[in-house]
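A quick write-up on the structure given underneath.
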Amino acid sequence: MSQTEIEIDGEEERRQLLVKVKDERVHQNTKLDPLPQDTNLDSLSQGSTRLLLSIPKRQSLYLPPANTPSEMAMASPLLWIPNYRSLVVPVTILRTLSAVTSHRHKNTSFRCSVWDSDFNFHRKNSSRAFASDATASVAVTSILSTPDSKRYSEYGRLLPCPAEKFQPRIEHLVVKEGGTILDFVTKALDLPPLYVADLIHFGAVFYALVCPKPPLTATPEEMILYNEVTDPSVLKMRPSIKGKTVREAQNTFRITHVDQFVEAGTYVRVHVRPKRFPRCYEIDWRSRIVAVTESYVVLNKPAGTSVGGTTDNIEETCVNFATRALELTTPLMTTHQIDNCTEGCVVLARTKDYCSVFHRKIREKQVKKLYLALAAAYVPCGVMTHFMRPLRMAPKVISKDFIKGWNMCQLEVLECRKVPWPNDLVQEAYEVEDISWPNKEFAYQCKINLLTGRTHQIRAQLAACGAPIVGDSMYMPAAMAELASPGLNPFGEYKKQFESEAHRERAAEEWAAKHGKEPGVTIGLQACQLSWDEGDNSYDAGPPWWAQ
């Protein structure tokens, strides 16, 4: 671990903070932008200054435990950015860091209610609590007897990005006594204040004025709690929901400030273990910029990254890292998405006006998108049509035949040529998952014109044709199952007749269960070309990973 020394020289006219990184690879000082001359360094957390830090290459910085406001100001949740990327630390974060230290060793009694997705009742801190055994959640357990050092080592900071992967954990809470969101989550879940502050910065904490209705699996005790906090006589006493319907009050919003007040009865959802994107810190983002104009930026998005963020992580995004790489003062904006495991061209708007303009071009089908797909089997050229089940969750179930209410998916295979299957070294370098496809001598590179833009469309359609994309751990297992047992797919070539819509939905659920998990980093899919205005604006991503 590299050791970082922080020095403050109050006598310098420009009042700079110096960060010296001692590492066998880096032997130079990295300077922060100058602070105003009248800035009190011991009161940084109360100002409106923004500190800008640039670091020459990927460098994990170590900071000792902070005790004073000045030290807390240095302990930003954003500690390093690779390849000369700029690191912006808003002073609201600094204010958070200096404000939360006092909570760490307090053992105040706290009343709250907690539940998770499947609602298994138990007690915690003499308050009603709910927990889940589902894979998407981890049950809330009492850890009051756990020593602080051990408990806080498990939940240290969100940055630097940990190498190990954690199981998702989502907690659902109901506020029993009003207070700041930082105080509430820290005490309700027994988490370190700095970790909670990081979660809020990542966009992993949400609230609704009124808690949603528990699922059918809820226990009687859970329903009693729900009825207590949503009783009309209770809701009538809350001015915050005056003039709103219950459904409107149950809409969730992201918490943006650690000092945001949450009143009694408020529902809070905390993604304790947000989805992480470690590849963001390994990429030379400046080299991935294809074009920069006054209105937009074209980025060759790396696989294993998110264009605009996920539900629980709006920090580790292509938008943020491209903004920093270009040292832009105004953040870039997302205009369209491609899957996290896909690489290739995306357009990021520099203004709200152009964001609207590009959205309109997409709606009016003025944007042409070409993809390169590395398929595990031959795909015939021509237009391919399927119908996709209208469900937001993945995997996407598609049918060869028309089904009322299902969305049409169309793509055109322009060419398909045989290429060598990527060797083990290439697959390891790009973190491509091995799904044990039976024949790995050759793969097939297909150029595809995407005619409709459904989520997972290319991946689902090629898999339905028996030619899944290399490395696609979600759709390849289902394709292999169909190859081994023809007719297993109820919506494929050997379609089944359904007695009712309910019977068809059960069949769709059973077929979806034959699919695997979402790929971790990379699959054989690239958005190779993006053009609009009849080709006046056209951009290429360059060779795909399997051809480099």
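The values are calculated or read from the model by the stated rules, or taken from the named source; none is laboratory data. This one's a predicted model, so the numbers in the text were calculated from it and none came from an experiment. Cβ coordinates were reconstructed from backbone atoms using ideal geometry, including for glycine residues, and neighbour counts include every protein chain displayed. All accessible areas refer to the heavy atoms of the entire protein, side chains included, with ligands and DNA or RNA removed. Shrake-Rupley method; radii C 1.70, N 1.55, O 1.52, S 1.80 Å.
State which residue is most open to solvent (accessible area, probe 1.4 Å) when the search covers only the stretch 506-548 and only residues that are aromatic (Phe, Trp, Tyr) and in a strand (DSSP E or B). Out of the qualifying residues, it is 539. For residues in the stretch 269-300 being more than 20 Å from residue 335 (Cβ to Cβ) and charged (D, E, K, R), which is most open to solvent (accessible area, probe 1.4 Å)? Checked the stretch 269-300; the qualifying residue most open to solvent (accessible area, probe 1.4 Å) is 286.
The set of residues from the stretch 488-501 being open to solvent by less than 90 Å² (accessible area, probe 1.4 Å) and over 36 Å from the mean Cα position of the chain (by Cα) comprises 498, 500. Of everything listed in (1) within 23 Å of the chain's Cα centre (by Cα); (2) in a strand (DSSP E or B), the single unmet condition for residue 290 is (1). Of all the residues in the stretch 477-505, those that are touching a residue at least 24 places away in the same chain (Cβ under 8 Å) and in a loop (DSSP other than H, G, I, E, B) number 6. Under the condition of being free of Cβ contacts under 8 Å to residues at least 40 places away in the same chain and either in contact with a Gly (Cβ under 8 Å, 6 or more places away or on another chain) or of a type in the set (Val, Ile, Thr) (or both), which residue from the stretch 383-414 is surrounded by the fewest Cβ atoms within 10 Å (Cβ to Cβ)? Applying the filter and picking the extreme gives 390. Determine whether residue 303 is among the small types (Gly, Ala, Ser), crowded, with 21+ Cβ neighbours inside 10 Å, within 30 Å of residue 439 (Cβ to Cβ) and in contact (Cβ under 8 Å) with a residue 12 or more places away in the chain. Answer is yes for this residue. Beta carbons closer than 6 Å, at least 6 apart along the sequence or on distinct chains, pair a first residue in the stretch 360-375 that is assigned to a loop (DSSP other than H, G, I, E, B) with a second that is surrounded by 15 or more Cβ atoms within 10 Å (Cβ to Cβ) for 366/532; 367/361; 367/532.
Is it the case that some residue within the stretch 475-498 is in contact with a Lys or Arg (Cβ under 6 Å, 6 or more places away or on another chain) and among the hydroxyl-bearing types (Ser, Thr, Tyr)? Yes, because at least one residue in the stretch 475-498 is in contact with a Lys or Arg (Cβ under 6 Å, 6 or more places away or on another chain) and among the hydroxyl-bearing types (Ser, Thr, Tyr).
In summary, residue 474 fulfils each of the numbered conditions (1) modelled with pLDDT of 95 or more; (2) out of contact with any strand residue (DSSP E or B) (no Cβ under 7 Å at 6 or more places or on another chain); (3) not in a loop (DSSP other than H, G, I, E, B) with the single exception of condition (3).
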